[in-house]
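Asker: Sharing a structure, written as structure tokens. Questions coming.
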Amino acid sequence: MGEDTVGTAADAAVAIQGVTKRFGDVVAVDNIDLEIADGEFFAMLGPSGCGKTTTLRMIAGLEFPTEGSLKIFGDEVGTLPPNKRPVNTVFQNYALFPHMSVLDNVAFGLKMQGASKKDAASAASEMISLVQLGGMEKRKPSQLSGGQQQRVALARALVNKPKVLLLDEPLGALDLKLRQEMQTELKSLQRELGVSFVFVTHDQEEALTMSDRIAVMHDGELLQVGTAEELYDRPVNRFVADFIGQTNLVDATVVDDDVIALGNGTKIMAPNPYPAGTKVSMSLRPESISIGGPDDIPDEFEQTSLRGEVTNVTYLGHSHVYTVAVDWMPLEVRTNATPTSVVYEPGSQVGIWWDRRSDWVVPDEGYGS
Amino acid sequence: MTTTSPAPSALATPEFEAANEKQKRRRGFLLALPAYVYLSLFFAIPLFIVVVYSFATRTRSGGTALEEWNLDSYRKLGEPIVTDILLRSITLAVITTVICLLLAYPFSYFLATRKETTRNIMLVFVMIPFWSNFLVRNYAWRVLLGNDGPVSQLTETIGLGETTVLFTPTAIVLGLVYGFLPFMILPMYAAIERMDWSLIEASRDLGATGFQTFKKVTFPLSMPGVIAGSILVFIPSLGAYVTPQILGGGKKTMLGSYIVTQFLTARNWPVGAAVSTVLMFVMLMATLIYFRKGGRTL
Amino acid sequence: MSSTQKELRGASKWALSANAVLVYLFFYAPIALLVLYSFSDDELVGRWGGFTLDWYRAFGENDEVQGALGVSIRVAIISTLISVVLGTMSALALERFRFRGQKIFDALLYLPVIIPDVTMAVMMLLFFTQGISLLDSILGIQISKGIATVALSHIAFSISFVSIVVRARLAGMNEKLEEAAQDLYASKWQTFRHVTFPLIAPGVIGGALLALTLSLDDVVITQFVAGPGSTTLPVYVFGLIRRGVSPLINAVSVVMLAASILLVLLSSLAQRARGGQAT
């Protein structure tokens, strides 16, 4: 989708404002604000127990918020039971009704809404063909493979034409190959239908490849919402920097707007908005670092370079991963492996450098790794 | 019932959440209520009455006077007649439990190591006696052990003379084992079956002999089943009434028969109630121990 | 689990197999002989005197036996129906809800299972004796022990067994299925009717068959609470046995045994019908 025109509250598919959910003394979701646009493929990402599933369940109506506003297309729904909300869910492990055929599973929602048996069945068959399960209507869920069950779960939810489709770890139960296949399929299905998909996952790669935007949650808090590039290149704190992809987090102190000083005193060019003296961390992606001999550092990178010793090399086929110790501070460096590339053995003295746009300064508070 | 059902599109508030929780709790309570009331009326109150009666006094006419509460009935439990019966009951119940253990353990182990289909068929044939009429099964032994019964005929034919087991403690134990063996097998089988078999392999792999493995690994792992089975056999054996009546001839009574006699013939209700209370207490303790030890199901 | 890990070797395998044969022989030989003798044309119960159906004919013609059988069946049906409803409701309450007094209720529900039946018999006897005289003296209502007191006592222990069986089934059922139904526009009642109930039905049927069996088998409690005219078949047979064995008892016993076995097979079928699909 070209420019991000995230709508205003009125036409946002889901608008969450100041929503908190407490279970006894445990704060599962802590005062979050979030807007999901119509037609958006939106991921909620975080480690288990971060509150992402609780948030999804609140949108579905399976939990009620302790407080806050939850709107779907402008209508307040926070206190509506799940059967009164225009959303449907694809459950983790699918939760298909084991005693019903595929057809009855898919027709269930329509029947509950009062559709006649005939109408429900014909709409259900149509949806079953759409997810490429034509001919399997009579089977029981236990007679289907994992991938097929997941399609039934999708059909069962989508046949109701929900305004928002919620997916709870939808691909978690599938093996790697099938998962990659389904990622593409989900994505194209979503484009075809134009319905907002909100899905919960703990797998950052899945979130990065599939979604238009991603919300990163931790300990009930919403840390950052943005596109994959925004999260990857401009994380708001150490947790996001570390959780999305791999990164080197180096402790530092702000010197001025453009310069920070590392623990060993080395000054590094790193534009930042923090006042001098602030403790910060520099996030540096392993793949944006170049490696060479101690004297190979090009002049223009002098202010974004360090010298150290290789302590470990791992060959990954397409790349080499070096651990470079800079005054006992280990940094990971990843270089493309080509037949001509020089390999630095452990013990070699090396220089490492990077483009000044590749380092990124995050505040030091919270979420150490 | 008009519960406070908030307007459909209200903003979520802590009050709404609390009201919703409360409504859910009430729904659960209402669902439990009929059985709750029923069991309070027809179980808890009767239980209470028995305990009350155990402190009452027997009148000369065989009635029960509730006015003067005392511990006479419990004192009576110390008299030789009762302690004899108690000791005999405990001895027979222990012997029964031990025999059941010895038969059931290898059986359950064997069962748990069969292929699934074989195992299921074997299990059904354990379930049949488990569910079959207890009275009838005891009666079968009465027929077998009778004067000219098949067992006696057999022993006479092979020159061992007439069998005179009927109406002896041996017959009672035989009947109890026959009646309660499934109670031992089922929990024991369940425990052995869900054991982590790789641990046994690991033990063998580490050089333990078959016996060492059994002693150090298999047996401790199957302990929950052993405890559950023992309790399930010991408790009903202790309170058995039907078996001593049919196979023991009622000559040397056990605890269960003694209680029944106190109520139906001797008409000494307070003493009967006191013995019942003690029996109940023992049973409760055993159950608590079982749950403490991590037992889950009975 | 691979079978290689559980392979038994040599001598221990022989010993275990022999023990298993012994156990089954122990279980079934007495039953088989009892069945055999029930067809024996001999006044002595343990002797073979040629084949006859006389004892079954006597069973059919004996009014007392038929009367007791009728009482047994009526009591079993009434107590099963009521205990299945109450037991299933309490299983749902305990497994799907949290409410005040839940722990006490749970304990109260467990007690009838573990209490020795002699104790329970005494409890019910005292309760009904007291209750009947209380009703007479306060309200002037005259009632006596009969089918009602027997059924009430049977319900008191059956509720617990039904509830345990249904609870096990509910615990094995994925709660997400109920959430899924609600997410698909089912009301609470529709969720129960279309999802929860069909999935726990085998447990409910199993519980019902268990309640039926328990009611049909009970001797001790029934003996204490039955009045004249409400003697059940087991109580009647128990009375006969205490006076001595007879070929008629053989026949009656075999009929009771057949009924038990039929119920086990039915229940194992019920469990298998949708077995293992509840998760």
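Asker: Which ones in region C:143-181 are more than 17 Å from C:ILE200 (Cβ to Cβ), part of a helix (DSSP H, G or I) and not hydroxyl-bearing (Ser, Thr, Tyr)?
Answerer: C:ILE147, C:ALA148, C:VAL150, C:ALA151, C:LEU152, C:HIS154, C:ILE155, C:ALA156, C:PHE157
Asker: Shifting gears a bit: Criterion first (among the hydroxyl-bearing types (Ser, Thr, Tyr), surrounded by fewer than 17 Cβ atoms within 10 Å (Cβ to Cβ) and within 22 Å of the chain's Cα centre (by Cα)) does A:SER145 satisfy it?
Answerer: The answer is no for A:SER145.
Asker: Then there's this: Has region C:186-201 got any residue that is over 30 Å from B:LEU145 (Cβ atoms), crowded, with 19+ Cβ neighbours inside 10 Å and of a type in the set (D, E, K, R)? Let's see the steps before the verdict.
Answerer: Taking region C:186-201 first, the residues over 30 Å from B:LEU145 (Cβ atoms) are C:186-201.
From what's left, crowded, with 19+ Cβ neighbours inside 10 Å: C:186, C:191, C:194-196, C:199-200.
Keeping just the survivors that are of a type in the set (D, E, K, R) gives none.
No; the residues of region C:186-201 include none that is over 30 Å from B:LEU145 (Cβ atoms), crowded, with 19+ Cβ neighbours inside 10 Å and of a type in the set (D, E, K, R).
Asker: Okay, next question. Looking at (1) in a helix (DSSP H, G or I); (2) more than 7 Å from every other protein chain (Cβ to nearest Cβ); (3) surrounded by fewer than 22 Cβ atoms within 10 Å (Cβ to Cβ), find the lone condition where C:PRO228 falls short.
Answerer: Answer for C:PRO228: the failing condition is (1).
Asker: Here are some conditions: (1) farther than 29 Å from C:ALA208 by Cβ; (2) away from every other protein chain (no Cβ under 11 Å); (3) free of Cβ contacts under 8 Å to residues at least 24 places away in the same chain. C:LYS13 meets all but one. Which one does it not meet?
Answerer: For C:LYS13, the failing item is (2).
Asker: Next question. Looking only at region A:160-180, count every residue that is within 14 Å of chain C (Cβ to nearest Cβ), in contact with a Leu (Cβ under 9 Å, 6 or more places away or on another chain) and not in a loop (DSSP other than H, G, I, E, B) and tell me the total.
Answerer: Residues meeting the conditions: 4.
Asker: I'm trying to understand the selection: among the residues of region A:137-152, which are among the charged types (D, E, K, R) and farther than 21 Å from A:LEU189 by Cβ?
Answerer: A:LYS138, A:ARG139, A:LYS140
Asker: Taking A:ALA157, is it buried (at least 20 other Cβ atoms within 10 Å of the Cβ), facing another protein chain (nearest Cβ under 9 Å), not in a loop (DSSP other than H, G, I, E, B) and not acidic (Asp, Glu)? Full working, then the answer.
Answerer: Details: buried (at least 20 other Cβ atoms within 10 Å of the Cβ): yes; facing another protein chain (nearest Cβ under 9 Å): yes; not in a loop (DSSP other than H, G, I, E, B): yes; not acidic (Asp, Glu): yes.
Judged against the criteria, A:ALA157 is a match.
Asker: Select from region B:265-288 the residues that are among the polar types (S, T, N, Q) and within 9 Å of chain C (Cβ to nearest Cβ) and write down the one among them that is surrounded by the fewest Cβ atoms within 10 Å (Cβ to Cβ).
Answerer: B:THR287
Asker: Of all the residues that make up region C:148-178, how many are under 26 Å from C:ARG74 (Cα atoms) and either among the acidic types (Asp, Glu) or surrounded by 17 or more Cβ atoms within 10 Å (Cβ to Cβ) (or both)?
Answerer: Qualifying residue count for the region: 18.
Asker: Please go through region C:175-213 and give me each residue that is of a type in the set (S, T, N, Q) and over 22 Å from the mean Cα position of the chain (by Cα), ordered by number.
Answerer: C:GLN182, C:SER187, C:GLN190, C:THR191, C:THR196
Asker: Out of region B:16-55, which residues are of a type in the set (S, T, N, Q) and surrounded by 17 or more Cβ atoms within 10 Å (Cβ to Cβ)?
Answerer: Our first condition is that a residue be of a type in the set (S, T, N, Q); within region B:16-55, this holds for B:20, B:23, B:40, B:54.
Result: B:ASN20, B:SER54.
Asker: A further question follows. Of all residues in region C:151-177, count the ones that are within 14 Å of chain A (Cβ to nearest Cβ) and of a type in the set (A, V, I, L, M).
Answerer: Number of matching residues: 2.
Asker: OK, next. With in a helix (DSSP H, G or I) and at the interface with chain C (Cβ under 10 Å from one of its Cβ atoms) as the only criterion, which of B:LEU92, B:LEU47, B:LEU86 stands out?
Answerer: B:LEU47
Asker: Checking the structure you have, find out if any residue of region C:61-72 is outside any helix (DSSP H, G or I) and surrounded by 16 or more Cβ atoms within 10 Å (Cβ to Cβ). Reasoning before the result, please.
Answerer: As a first pass, look at region C:61-72 and keep what is outside any helix (DSSP H, G or I): C:62.
Now restrict to residues that are surrounded by 16 or more Cβ atoms within 10 Å (Cβ to Cβ): C:62.
Scanning region C:61-72, I find at least one residue that is outside any helix (DSSP H, G or I) and surrounded by 16 or more Cβ atoms within 10 Å (Cβ to Cβ), so the answer is yes.
Asker: Only one of (1) more than 30 Å from A:VAL333 (Cα to Cα); (2) over 10 Å from the mean Cα position of the chain (by Cα); (3) surrounded by 21 or more Cβ atoms within 10 Å (Cβ to Cβ) is not met by A:PHE199, so which one is it?
Answerer: (2)
Asker: When you scan region A:225-279, how many residues do you find that are touching a helix residue (DSSP H, G or I) at 6+ places or on another chain (Cβ under 7 Å) and under 15 Å from A:GLU205 (Cα atoms)?
Answerer: So the answer is 8.
Asker: When you look at B:ALA104, is it within 30 Å of B:ASP196 (Cβ to Cβ), out of contact with any His (no Cβ under 9 Å at 6 or more places or on another chain), within 11 Å of chain C (Cβ to nearest Cβ) and crowded, with 16+ Cβ neighbours inside 10 Å, yes or no?
Answerer: The answer is yes for B:ALA104.
Asker: I need the full set of residues from region A:313-341 which are without any contact (Cβ under 8 Å) to a residue 12 or more places away in the chain and part of a loop (DSSP other than H, G, I, E, B), in order please.
Answerer: Result: A:TRP328, A:THR338, A:PRO339, A:THR340.
Asker: Does C:PHE127 fit the bill of being without any contact (Cβ under 8 Å) to a residue 12 or more places away in the chain, within 10 Å of another protein chain (Cβ to nearest Cβ) and crowded, with 24+ Cβ neighbours inside 10 Å?
Answerer: On the way: without any contact (Cβ under 8 Å) to a residue 12 or more places away in the chain: yes; within 10 Å of another protein chain (Cβ to nearest Cβ): yes; crowded, with 24+ Cβ neighbours inside 10 Å: yes.
So C:PHE127 fits the description; yes.
Asker: Scan region A:76-90 and tell me whether some residue there is buried (at least 22 other Cβ atoms within 10 Å of the Cβ), among the hydrophobic types (A, V, I, L, M, F, W, C), within 18 Å of the chain's Cα centre (by Cα) and more than 14 Å from chain B (Cβ to nearest Cβ).
Answerer: Yes: region A:76-90 contains one or more residues that are buried (at least 22 other Cβ atoms within 10 Å of the Cβ), among the hydrophobic types (A, V, I, L, M, F, W, C), within 18 Å of the chain's Cα centre (by Cα) and more than 14 Å from chain B (Cβ to nearest Cβ).
Asker: Still on this structure: Counting only residues that are surrounded by fewer than 19 Cβ atoms within 10 Å (Cβ to Cβ) and closer than 27 Å to B:LYS24 by Cβ, which one in region C:73-95 is modelled with the highest pLDDT?
Answerer: Just the residues of region C:73-95 that are surrounded by fewer than 19 Cβ atoms within 10 Å (Cβ to Cβ), to begin with: C:73-74, C:77-78, C:81, C:85, C:95.
Add one more test, that the residue is closer than 27 Å to B:LYS24 by Cβ, and what stays is C:85, C:95.
On the way: C:VAL85: 97, C:GLU95: 93.
Per the stated criteria, the residue is C:VAL85.
Asker: Here's something else I'd like to know. Would you please name the residue that is farthest from the chain's Cα centre (by Cα), looking only at residues in region B:154-170 that are over 14 Å from B:THR91 (Cα atoms) and assigned to a helix (DSSP H, G or I)?
Answerer: B:THR157
Asker: Moving on. Can you say whether A:GLY78 is farther than 19 Å from C:GLN190 by Cβ and among the small types (Gly, Ala, Ser), as far as the supplied structure shows?
Answerer: yes
Asker: Kindly establish whether C:ARG57 is more than 10 Å from chain B (Cβ to nearest Cβ), out of contact with any His (no Cβ under 9 Å at 6 or more places or on another chain), basic (Lys, Arg) and farther than 22 Å from C:GLY146 by Cβ.
Answerer: Answer is yes for this residue.
Asker: Can you report the number of residues in region A:240-266 which are closer than 24 Å to A:THR335 by Cα and not acidic (Asp, Glu)?
Answerer: Going through region A:240-266 one residue at a time, the tally reaches 12.
Asker: Still on this structure, I have one more. What number of residues within region C:86-108 satisfy the criterion of being in contact with a Lys or Arg (Cβ under 6 Å, 6 or more places away or on another chain), assigned to a helix (DSSP H, G or I) and not aliphatic (A, V, I, L, M)?
Answerer: Of the residues in that region, 1 qualify.
The values are calculated or read from the model by the stated rules, or taken from the named source; none is laboratory data. Since the model is a prediction, treat every value here as computed from it, not as a measurement. Please note: Cβ atoms are built from the backbone with ideal geometry, for glycine as well, and neighbour counts cover all protein chains shown.
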